[in-house]
1. What percent do you get for the relative contact order of the chain when only Cα pairs under 8 Å and 6+ apart count?
2. With a 10 Å radius around each residue's Cβ, average the other Cβ atoms per peptide and rank 73-84, 214-225, highest first.
3. Counting only heavy atoms of the protein chains, get the accessible area per residue of the chain (1.4 Å probe) and round it to a whole Å² value.
4. For a distance above 21 Å, tell me the whole-number percent of Cα pairs in segment 44-151 that qualify.
5. By the scheme Lys and Arg +1, Asp and Glu -1, what is the net charge of all other residues having a beta-carbon under 13 Å from that of A335?
6. Working out 0.36 nm times the residue gap between A283 and R120, then minus their Cα-Cα distance, what length gain in nm do you get to one decimal?
7. Quantify, in whole percent, the carbon and sulfur part of the accessible surface of segment 1-64 (1.4 Å probe; protein heavy atoms only).
8. Give the value in nm², to one decimal: projected area of the alpha carbon convex hull of segment 123-251, averaged over all directions.
Amino acid sequence: MTDLLWPGDHRAGDLFGDRAFVAAMIRVEQAWLRARGHSGDVAFEPDLEALSVASEDGGNPVIPLLNGLRARGAPPELHQGLTSQDVLDTALALCLRDATTRIAGDLGRSVDTTASLADRHRHTPMAGRTLTQHAIPITFGLKASGWLQGLLDARDRLADTALPIQLGGAAGSLAAPTALSGSPARTREWVTAAAQDLGLPVRDPWHTNRTPVAAAGDALVTCTDVCGRIANDVLVAARPEIHELIESPDGGRGGSSAMPDKHNPVLAVLIKRAAIAGPPLAATLHAASAAAVDERPDGSWHVEWATLRTLARRTVVAVSQTAELLAGLKVDAGAMAATLEAARPGIDAEQRKYDDGAGPYLGATDDIIDAALARAREGAGWRA
């Protein structure tokens, strides 16, 4: 699965692609069969285009998928007690988990790299900037520790995004499964067994309570936000007149079709693109959640699927690109020092105000960096 108009989309591979989603829906049906003591051996490699076309008739791909499975000898117990929303929501959960697993891995790489940058450059002086203007002297290590805290926030938020299993029957009451099982307690055992089979959290039906989906969108956007924040710093510092940070010139990227001498910070540009595009997608998920009605929403449920897929894939790409950007980032300490020196004496005005210019004016920089490094060690395995 690739997207010509979203350069880098290949990094997400088949995550949340049509084939992966079909496989996830089949896994849900298999798990439900096994939970009820039936054979879960069902297989189908559908014509994806034909399946997509047929999905219009019922408004979702579950119905034509079931038709295909039954035509190929699926057991008669297939799908009994379920509704299309059960299969589709739970398949979303499986695909989202695969995407967030990939994102978490690349966030971990970025945490390690950024922690090393913060530690290595804790005493690399540079000009701090506020509102686009010089503020006071800082160190690049302090700036990198701010990136690090954002990455850690994103990692923690992502850890809480797992969508639970969604098995509720036609209207979220578990009526049909309970009729099949003979008791609510037995039905809950089936739901729990299916959830364990799929490796998903257990939760009571959430047919029209779409907060889990909206929360997942928020977590994904938290990731693109912090990636965008890092990319913006790189884009500013990579300007030729500043030249304090340089996107790796060894990556073979950044060429121009018209100007062979150019080296554009293309990874940072593409990361910023994702950070701009992410929040409106999350807003769509919130709008859908707010518009949910009855026991299955009419349209607001349907808009979630492609929105969550697009947001997840774009986050996978952006986080992967950020990990690569950070790994190849070149820090020009000489340029930082020269910019700082050229800004004097004005940039030292606050220092003179409080300590008459005596000694370095770096406040609690080391403590702030050490706190970020300690947090990184706790959750990621980074070691100095």
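The values are calculated or read from the model by the stated rules, or taken from the named source; none is laboratory data. For clarity, every value in this text was computed on a predicted model and none was experimentally measured. Neighbour counts are summed over all protein chains in view; Cβ atoms, including those assigned to glycine, are modelled from backbone coordinates with ideal geometry. Accessible surface is based on the protein model in full, side chains and every heavy atom, while ligands, DNA and RNA are left aside. Shrake-Rupley method; radii C 1.70, N 1.55, O 1.52, S 1.80 Å.
1. Values: 568 pairs, mean separation 85.4, N = 384.
It comes to 22 percent, rounded to a whole number.
2. Working: 73-84: 17.3, 214-225: 23.9.
The peptides rank, most packed first, as 214-225, 73-84.
3. Numbers: 17250 Å² over 384 residues.
I get 45 Å² per residue for this part.
4. Numbers: 3547 of 5778 pairs.
Value for segment 44-151: 61 percent of Cα pairs lie more than 21 Å apart.
5. On the way: positive: R239, K330; negative: E241, E244, D332, E341.
Cβ neighbours under 13 Å give a net charge of -2.
6. Details: separation 163, 0.36 × 163 = 58.68 nm, distance 3.88 nm.
Once the chain is fully extended between A283 and R120, it gains 54.8 nm.
7. Working: 1780 of 3320 Å².
Summing carbon and sulfur atoms, their accessible area is 54 percent of the total for segment 1-64.
8. Working: hull surface 50.5 nm².
So the Cα hull casts an average projection of 12.6 nm².
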